[in-house]
Structure formats: C-alpha cells, structure tokens
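Let me begin by presenting the structure, written as structure tokens, before commenting on it.
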Amino acid sequence: MHVTVQQQRFDGNTRTVGVETTNLGDVAVEVLSVQLVSDQFAGPKTSIGSVLNPGRTIAFRTSYGRPNCRATSGPVLARLDVDGTPFERPVDREGRQELRRLVVADCAKVQLGRIADIVLNRSLRRVVIEGKPWLRGQLDISRRSPGGTVDLRSFGGSVLVELRPAGRLRDLGESDERAITPVLIGSNGRCDEHALVESTRTFPLSAYVRRRGHPQQRVQLTPSVTAQNRILEVIFEACGVTRP
C-alpha cells in the first residue's frame, strides 16, 4: 500500500485530513480503522469500514489530533487495521510536508490564542453609506496573558461578504489590554443566483494578524447564527433580491 496525506479546502482551519491510501495489491481488502502516528501530534484512531479494491485510492478522513509544538520533525506512520490485522505504512514525503505545514500553522494558532482572543463583536448596527446598506461592528482583540504584541494587518471576506475596516487598524501593543477596530460588513457586489442560493456557505470571515517576529497568520472569524442572518439580510437588500 502507498499512503500520503492531503487536506481538502473545505477542511481548512481544522485538523481533519485525508489519509489517501492506494491498494497496490491484487486483492480487495477492508480497512477497518486508520490512525496517524508521529511525535509531532497525537492522532486518534478513526473507524472506517471501507473496502479498498486493487488499484483504487481512497482518502480516509481522520484528525491528526493535538499538535506537539516542541517536535519539529520526525517520521509519520499511517496505522491501519486491514482485514482485522494491524498494518503500518510510512506516509510519503509530500504527505509529511503537508502535515508539517498544518502542524506549524496549528501551533502558531495555539500560541496566538495564549496571548489574545480575536473576535467579531456580536453587536451589529445597520447603517447606509452612499445608498448601500451595511452592518457596522467591531473586531475586538483582548489580551489573555502579559507580554507579546498582535498586529492586525488586513481582513478577508468570502463569496458574498465584504469585511473591511471602518477606521484605522488597531494593534495590540505590549502594554495594551484591548484593541478595537471598527468594521463594516456587507455585500461585495456579487449578486448572481448561484452565489445567493449557496449563501449559507458564505461564512466564515478572516482577519490576518502577525505576532512580531513571526509570519502572518489567518484567524477565522465565524459570526453567530443571529449575526449571519443579519448579514444575509443586508446582502439580499443590497442585491435588490427578496431573501427566500
């Protein structure tokens, strides 16, 4: 068997990956479970129960688990239960590189979370700017532990949503307990039927921040269900369409 690992786009910002396993043999086998094993993380055992025919590749979805941010490298094994027999195969180089990329980003997120919480405030107020409806809110960076800085670099919207600053970007300095940046949330101008029909997939949004001395990283901002409904209301209003 040949094993690699890849994360699909829809699993971004999670620990879920696909353990892509190819049956190089001549007979079908049943894969009962899969687990990723490494000093870099603690992957759980995931039940599968799928038949893998000769020459076929199946991506078995599992989690690589909580990262060990002190381990920078090392081998990665896929531990499979095949027809009731424990079976281990090394993950190939591309799969190891993918996992390393994910672990590095995960550790950066963990370390950022120790310093500060970064959230969209739930309080949203409808405003009209140049005839276009928006929701005015704020991004709140609040300190969790002493020391360390968090620089707010930019925002990212999604399929239908524009998220932009409504004032100066506020960084969290070493002596600051809180940094608030006013924001506007509304339609990005895309009003085609396909995008509006798929409007439930327009979240989450993004803030891009940097801890000084570290690479820029993306923070996922997921509005509450109530806030999502209000955002969709102004998007449909801006598009001149009645929300279904």
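The values are calculated or read from the model by the stated rules, or taken from the named source; none is laboratory data. Given the structure is predicted, the values throughout are model-derived calculations rather than measurements. All Cβ positions, glycine included, derive from the backbone under ideal geometry; neighbour counts span all protein chains shown.
Taken together, the criteria place residue 210 among residues that are surrounded by 14 or more Cβ atoms within 10 Å (Cβ to Cβ), under 22 Å from residue 110 (Cα atoms) and not assigned by TED's automatic domain parsing to the domain that holds residue 13. If you go through segment 57-73 and pick out every residue that is surrounded by 12 or more Cβ atoms within 10 Å (Cβ to Cβ), of a type in the set (Gly, Ala, Ser) and more than 16 Å from residue 35 (Cβ to Cβ), you end up with 1. Evaluated against (1) modelled with pLDDT under 95; (2) under 26 Å from the mean Cα position of the chain (by Cα); (3) of a type in the set (Gly, Ala, Ser), residue 131 falls short on exactly one condition, (2).
Consider segment 36-56 and keep the residues that are free of Cβ contacts under 8 Å to residues at least 60 places away in the same chain, out of contact with any Ser or Thr (no Cβ under 7 Å at 6 or more places or on another chain) and closer than 29 Å to residue 104 by Cα. The one that is surrounded by the fewest Cβ atoms within 10 Å (Cβ to Cβ) is 39.
The number of residues in segment 146-159 that are in a loop (DSSP other than H, G, I, E, B) and touching a Lys or Arg at 6+ places or on another chain (Cβ under 6 Å) comes to 1. Candidates in segment 178-207 are the residues that are at pLDDT below 95 and surrounded by fewer than 14 Cβ atoms within 10 Å (Cβ to Cβ); of these, the one that is nearest to the chain's Cα centre (by Cα) is 201.
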